[in-house]
Amino acid sequence: MNYNLENLVEYWRNIFKLDNPSNELKSCKEWREIPAKVLKRFDLSFYPEPFYGYLDHNKDKTIDDVLLLLINPGEVPEEDLMERYPSDDKETSRGLWNSDTKERHLGWTPQQFHEKEPIKWREARRKQAERILNERIGFLHTIEFFPYHSKNWKLNIQAQKDWIYNLETTKLSLGAIRQIAEERRVKCIFGINNTWKQIIHANNDILQMEELVEAEIWKPGFAKMSFEISIYRKRGSLPILITRLGGNNINLPADARVINVIRALLNKEELPSQIDTYTIKSTYRKLL
């Protein structure tokens, strides 16, 4: 199978044509290989959400947008569930949520996605991306590394390498990301936290990133690095920008000095060793 955007969308469209996508996935051979003690960490009462958006539509529909790479859909708080899908009980609201998820993956139009906006979490990251790029962003698309909901990710690297990197769905997502970058379908590709760095290095035979530029940013008086910026490049493609703010923070940087560093890296400018009181250490290395 070719690992690309079209096949990613088609794979999941076929899954969502089934009565219960969660149950059907568990019956597939590749999913049965996932250890039970690992799989039970995920909330299978909500349907998987491998991606959000309409990146498979014509490029003129997405050129003003950005793509954000995420690890997996998080926990669905009851308050959020009942606010977005009000009903008399949680089970009914969950059913409405799953029905919406199913219809979305069967082929919402761009207009249907925009009619759902603004969704608080997504709108906050869209505005963060706008501030970094200093230009208007029409829509925030997302692709998840693993499609099931969970309260916490908390999977060590070895557990991921043992099974998740080899899933066909993982390879399809990575191939789609490569195609989006090569065809420059969006303004920018963002990723949050170092898990995506590990994913890129473990699967660069699919992503084919050629070089990596990293900047470590240290606040004065701190023994640990405060921010980390990593940009993966491939000639002719959009770069992939990974940011880490520490801990489980899933926001894009808002600090003006960090944003200036990101802009300099995106423009391939030489970085100073210091901005105001922040110390900057940068490195470069070839990947291919």
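The values are calculated or read from the model by the stated rules, or taken from the named source; none is laboratory data. None of these values were measured; they are calculated from a predicted model. Glycine gets a Cβ as well: all are built from the backbone with ideal geometry, and neighbour counts include every protein chain shown. What goes into the accessible areas is simple: the full protein's heavy atoms, side chains included, and nothing from ligands, DNA or RNA. Shrake-Rupley method; radii C 1.70, N 1.55, O 1.52, S 1.80 Å.
Tell me the relative contact order for the chain as a rounded percent, counting alpha carbon contacts under 8 Å between residues six or more apart. Walk me through the numbers on the way to the answer.
Details: 457 pairs, mean separation 65.5, N = 288.
Once normalised by length, the contact order is 23 percent.
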TODO: Grab the DSSP H runs of the chain that are 4 residues or longer, score each as -39,500 (n - 2.57), total them, divide by all residues and round the 222 nm result to the nearest 500 deg cm²/dmol.
DONE: -11500 deg cm²/dmol
Task: Translational diffusion of the stretch 191-242, µm² s⁻¹ [Kirkwood Rh, Cα pairs; Stokes-Einstein; 10 °C; 1.306 mPa s] - done: 132 µm²/s
Task: Debye, to nearest 20: dipole size of the chain, +1 on Lys, Arg Cβ, -1 on Asp, Glu Cβ - done: 820 debye
Open item on the list: If you consider only alpha-carbon coordinates, what radius of gyration and Dmax does the chain have, in Å?
Closed with: 19.2, 58
TODO: Quick one: net charge around residue 137, please, counting Lys, Arg +1 and Asp, Glu -1 for every other residue with C-beta under 13 Å from its C-beta.
DONE: +1
Task: Loop-resident sites, the stretch 219-288, for trypsin sites (Lys or Arg not before Pro), counting at most 12 other Cβ within 10 Å (DSSP) - done: 224, 235, 268
TODO: On each of the three principal axes of the Cα atoms of the stretch 178-273, give max minus min coordinate, whole Å, ordered largest first.
DONE: 42, 26, 20
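Using alpha carbon coordinates only, what is the Rg to Rh ratio of the stretch 1-107, with Rh defined as the Kirkwood radius?
0.98
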Open item on the list: With +1 on the Cβ of every Lys and Arg and -1 on the Cβ of every Asp and Glu, and nothing else charged, how large is the dipole of the stretch 46-134 about its Cα centre, in debye rounded to the nearest 20?
Closed with: 380 debye
Open item on the list: Accessible area of the chain with a 1.4 Å probe: how many percent of it is carbon plus sulfur?
Closed with: 45 percent
- [ ] Take every Cα pair under 8 Å in the stretch 142-288 that's 6+ residues apart, average their separations, divide by the length, and report that relative contact order as a whole percent.
- [x] 24 percent
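With an 8 Å cut-off on Cα pairs and a minimum separation of 6 or more residues, tell me the relative contact order of the stretch 1-145 in percent.
36 percent
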TODO: Write down the accessible area per residue of the chain in Å², having rolled a 1.4 Å probe over the full set of protein chains.
DONE: 49 Å²
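Which entries in the list 127/219; 17/197; 37/187; 197/224 go over 31 Å, if you measure between the two C-alpha atoms of each?
17/197; 37/187
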TODO: Only loop residues by DSSP count here, and only those with at most 15 other Cβ atoms within 10 Å; note down the chymotrypsin sites (Phe, Trp or Tyr not before Pro) in the stretch 168-248 that meet that.
DONE: 222
- [ ] Would you grab the residues whose amide H sits under 5 Å from the one on residue 191? Only those 5+ places off in sequence or on another chain, please, with H modelled 1.01 Å from N.
- [x] 69, 241, 242, 243
